[in-house]
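> I'd like to ask some things about the structure below.
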Amino acid sequence: LQGPHYISLAPHGGFVVRSADASTVFTSSCKLLCSLSSKYGHQFGNPAGVCIDMDGSNILVADEQHHTVHLFPEHGAPVCLVSAGLWRPNGMASSSFGHLLVADAGENCVKV
């Protein structure tokens, strides 16, 4: 990994790491599973925070450059969940109530 910044659990007991150039998914035995960019053909501007949804089945990635949050399902195409209202999305977490919390470093706040 080159410059790992953010890490989160991933579906099926693995983990996802956001490094300098990609968001990479590893299995529970620490073996490389895939790069989200390669698997989904998705072009990140600057991937930042990562987390999984409350069900633990989907990976969410904040993109600082594009000011978005995308959901990456196990099967199917990525879905843009947030496309407005973020200045510099960074860290993220999902709550057991289904809320997505995004640290917005551009506005010095947390958005729900």
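The values are calculated or read from the model by the stated rules, or taken from the named source; none is laboratory data. Just so we're clear, the structure is a prediction, and the values are computed from it rather than from any experiment. Neighbour counts run over all protein chains shown; Cβ positions are idealised from the backbone, glycine included. These accessible areas exclude ligands, DNA and RNA; they are computed on the full protein's heavy atoms, side chains included. Shrake-Rupley method; radii C 1.70, N 1.55, O 1.52, S 1.80 Å.
> Which numbered condition in (1) in contact with a helix residue (DSSP H, G or I) (Cβ under 6 Å, 6 or more places away or on another chain); (2) open to solvent by 40 Å² or more (accessible area, probe 1.4 Å); (3) of a type in the set (S, T, N, Q); (4) closer than 18 Å to Gln2 by Cα is the only one that Ser57 fails?
The number of the failed condition is (4).
> Could you list, in sequence order, all residues of segment 67-112 that are open to solvent by 40 Å² or more (accessible area, probe 1.4 Å), outside any strand (DSSP E or B), free of Cβ contacts under 8 Å to residues at least 40 places away in the same chain and of a type in the set (A, V, I, L, M, F, W, C)?
Within segment 67-112, Ala77, Ala84, Trp87, Val112 qualify.
> Could you look through segment 44-65, keep only residues that are in contact (Cβ under 8 Å) with a residue 12 or more places away in the chain and over 13 Å from the mean Cα position of the chain (by Cα), and pick out the one that is nearest to Glu107 (Cα to Cα)?
So the residue we want is Gln65.
> Name the single residue that is surrounded by the most Cβ atoms within 10 Å (Cβ to Cβ) among those in segment 5-26 being without any contact (Cβ under 8 Å) to a residue 24 or more places away in the chain and assigned to a strand (DSSP E or B). If you could, list the steps in order and put the result at the bottom.
Start the filter on segment 5-26 by keeping residues that are without any contact (Cβ under 8 Å) to a residue 24 or more places away in the chain, which leaves 12-15, 19-21, 24, 26.
Checking which are assigned to a strand (DSSP E or B) leaves us with 15, 24, 26.
Numbers: Phe15: 17, Thr24: 22, Phe26: 17.
If we take residues in segment 5-26 being without any contact (Cβ under 8 Å) to a residue 24 or more places away in the chain and assigned to a strand (DSSP E or B), then Thr24 is surrounded by the most Cβ atoms within 10 Å (Cβ to Cβ).
> I've got another one for you. If the requirement is being of a type outside the set (Lys, Arg) and either in contact with a Leu (Cβ under 6 Å, 6 or more places away or on another chain) or more than 27 Å from Gly13 (Cβ to Cβ) (or both), which of these qualifies: Val79, Val50?
On the way: Val50 fails: either in contact with a Leu (Cβ under 6 Å, 6 or more places away or on another chain) or more than 27 Å from Gly13 (Cβ to Cβ) (or both).
None of the other options fit; the residue is Val79.
> Scanning segment 39-53 for residues that are at pLDDT 90 or above and outside any strand (DSSP E or B), which turns out nearest to Gln2 (Cα to Cα)?
For segment 39-53, the residue satisfying everything is Lys39.
> Now for a separate question. Which condition number does Gln43 fail, the rest of (1) over 20 Å from Leu86 (Cα atoms); (2) open to solvent by 70 Å² or more (accessible area, probe 1.4 Å) being met?
If we test Gln43 against (1) over 20 Å from Leu86 (Cα atoms); (2) open to solvent by 70 Å² or more (accessible area, probe 1.4 Å), just (1) comes out false.
> Between a first residue in segment 28-43 that is free of Cβ contacts under 8 Å to residues at least 60 places away in the same chain and a second residue that is surrounded by fewer than 15 Cβ atoms within 10 Å (Cβ to Cβ), which pairs have beta carbons less than 8 Å apart while being 6 or more apart in sequence or on different chains?
Ser28/His12; Ser28/Gly13; Leu33/Thr27; Ser37/Gln43; Tyr40/Ala77
> From (1) modelled with pLDDT under 90; (2) open to solvent by 40 Å² or more (accessible area, probe 1.4 Å); (3) not in a helix (DSSP H, G or I), pick out the condition that doesn't hold for Ser29.
Here Ser29 clears every test but (1).
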